[in-house]
Amino acid sequence: MARSAHAYVRGNTEKFYQWLGSASDRDLPQGPPIWICGDCHLGNLGPVANAKGQVGIQIRDLDQTVIGNPAHDLIRLGLSLATAARGSDLPGVTTAKMMEEMMAGYQAALAGESGADEDAKPKSVRLVLKRAVGRRWRHLAEERIEDVRPEIPLGRKFWKLERDERDEIAELFKSESIRRMVTALNQRDDDAPIEVLDAAYWMKGCSSLGRLRYAVLLQVGKADSAGLASYALVDIKEAAKAAAPRAPAAKMPRNNAERVVSGARALSPYLGGRMRAASLRGRQVVLRELMPQDLKLEMDQLSREEAMLAAHYLAGVVGRAHGRQMDESTKAKWRDELGRRWPKGLDAPFWLWGSVVDLISINEAAYLEHCRRYALEPTRQGP
């Protein structure tokens, strides 16, 4: 997180939730209680494939999803876009214009206006989509397990499991619900046998510590006459309690894995359709098969034009995720509420602009303090 202020904001969601907790007396718009991402930053948007192999830009991380105020997703996205602009050395005027474009894109999506036109996509989105569509199993295998051989290499990222862990994981894939998740993908037989070839604890950063996280390599179906088989890589991740604030009296699954899957199906159908909730070693976990087409958006360097397009387009992605949960009357009321708080002549609504400015100042100070502590850490190269 010391690499840049943008990386710090992306990795330190806690500051955002602390701010939301202290912002209860602010004049934020109160949207209809719907499933929201809860952590709607740039890194959590990107290409996602569905079971048929179709690819679209959707929300790709739903760990913090809750039924809450959709304005919270807009503020989080606005903060992420603003820090990306600062990291690209764009002037403050551009940031103000980005907030305006963001709200215009969100409102247009709520109104049902198309955002899929190629000209509406920023260059970075078009490039990552093109790359995603062309990816195959070997790309995923080389990135995640460093080889296309049917085994997971133990080392820094993957750790050896105890026998009872392996047995529990193997038993999990005998469940009909989990089996259907794997066989549902394009060109797989519904009754194809599934065999667990390998499994390992997956160390994916500090967030993995103290929680279950496994990578499981499967063979789906039998090998053909040439000895070639179909493989799948499944991510098993413990679902922790969401820190994102939920709407009062919101009725959500008490089981955190079921909460994540429910939110994913509402917000990101391509991803949600490939996820299952389960229990493993007495804990709530979410399973999803990793697809070669699932990629992160990387927007570390933005031109002014790219920043404008990104703000409009990505807010439209969020707007469609929110809007598909609302009937026409609810969407109209929510658009009116947003418009009422957007005085004419301003680059962005007061509530959004003020929130983003406040959050940038808080995170900038925290980022510099984080860098100071990082710089003072003793080296690990010996005495």
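Rg/Rh for the stretch 58-110: what does it come to with C-alpha atoms and Rh from Kirkwood? Radius of gyration relative to Kirkwood radius: 1.02. Pairwise Cα separations in the stretch 143-289 fall into 10 Å bins from 0 onward with the following percentages, short to long: 10, 38, 36, 13, 3, 0.
In the chain, the C-alpha radius of gyration followed by the widest Cα-Cα span (Dmax) gives 21.6, 69 angstrom. Charge dipole of the stretch 143-289 (Cα centre as origin; +1 on each Lys and Arg Cβ, -1 on each Asp and Glu Cβ, all else neutral): 940 debye, rounded to the nearest 20. Listed by chain and number, the lysines placed with their C-alpha closer than 26 angstrom to that of K157 are K204, K237, K241, K296; residues fewer than eight positions away on the same chain are left out.
Think of the stretch 143-289 as a dipole: +1 on every Lys or Arg Cβ, -1 on every Asp or Glu Cβ, centred on the Cα centre; then among I145, I169, A247, A247 lies furthest on the positive end.
Can you sort F173, F350 so the residue with the fewest Cβ neighbours within 10 Å comes first?
On the way: F173 19, F350 12.
Fewest-to-most Cβ neighbours within 10 Å comes out as F350, F173.
Here the dipole of the chain is about 320 debye; that uses its Cα centre as origin and unit charges on the Cβ of Lys and Arg (positive) and Asp and Glu (negative).
Looking at the chain, which longest stretch skips every one of the GluC sites (Glu not before Pro) that is in a DSSP loop with at most 15 other Cβ atoms within 10 Å, leaving the sites themselves out? The segment 163-297 is the longest one with no such site.
None of the figures in this text is laboratory data; all of them are computed from the coordinates on show. What you are looking at is a predicted structure, and each value in this text was computed from that prediction instead of being measured. We place every Cβ from the backbone using ideal geometry, glycine too, and count neighbours over all the protein chains shown.
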